[in-house]
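Right, one structure below, let's go through it.
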Amino acid sequence: QVQLVESGGGLVQAGGSLRLSCAASGIVFSTNKMGWYRQAPGKQREMVATVTSRGSTKYAESVKGRFTISRDNAKNMVYLQMNSLKPEDTAVYYCNAEHQLTRIGRWGQGTQVTVSS
């Protein structure tokens, strides 16, 4: 059974930092592109950052230079280091695993990030 379990969300002041973690099980981690997405109230879910099995990364323009995605293939973990947080970063953050060949995607349950001004 595929499981993606996020952790590390919380309440932080503007300018602060948080590190999100996602533990994956039930998948062959190395064959999946991993990503973080977020959804704010009343808005569509949007891509924040992705990382391929080879380590190639992609970021939303709004987080470039502030957020860093990384993965540990040995531990089946993916991380999102978020620095210089802004109130507009407030959202539920979801971990995603997308199989590189089938493009089948899996989602975690989400973790809330709230940035106060």
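The values are calculated or read from the model by the stated rules, or taken from the named source; none is laboratory data. Keep in mind that what you see is a predicted model, and the values were worked out from it rather than measured. Every residue, glycine among them, receives a Cβ derived from its backbone with ideal geometry; neighbour counts consider all protein chains shown. With ligands, DNA and RNA removed, areas are computed over all heavy atoms of the protein, side chains included. Shrake-Rupley method; radii C 1.70, N 1.55, O 1.52, S 1.80 Å.
Restricting segment 1-47 to residues that are surrounded by 20 or more Cβ atoms within 10 Å (Cβ to Cβ) and aromatic (Phe, Trp, Tyr) leaves a set whose member that is nearest to Leu80 (Cα to Cα) is Trp36. Within segment 84-102, can one find any residue that is of a type in the set (Gly, Ala, Ser), modelled with pLDDT under 95 and open to solvent by 30 Å² or more (accessible area, probe 1.4 Å)? No, segment 84-102 contains no residue that is of a type in the set (Gly, Ala, Ser), modelled with pLDDT under 95 and open to solvent by 30 Å² or more (accessible area, probe 1.4 Å).
For Arg54, indicate whether it is under 11 Å from the mean Cα position of the chain (by Cα), over 27 Å from Ser117 (Cα atoms) and among the charged types (D, E, K, R). No.
Out of the residues in segment 52-80 meeting the condition of being open to solvent by 50 Å² or more (accessible area, probe 1.4 Å) and of a type in the set (Val, Ile, Thr), tell me which one is farthest from Ser17 (Cα to Cα). Of everything passing the filter in segment 52-80, Thr57 is farthest from Ser17 (Cα to Cα). The residue that is nearest to Leu11 (Cα to Cα), counting only those in segment 103-117 that are of a type outside the set (D, E, K, R), open to solvent by 80 Å² or more (accessible area, probe 1.4 Å) and not in a strand (DSSP E or B), is Ser117.
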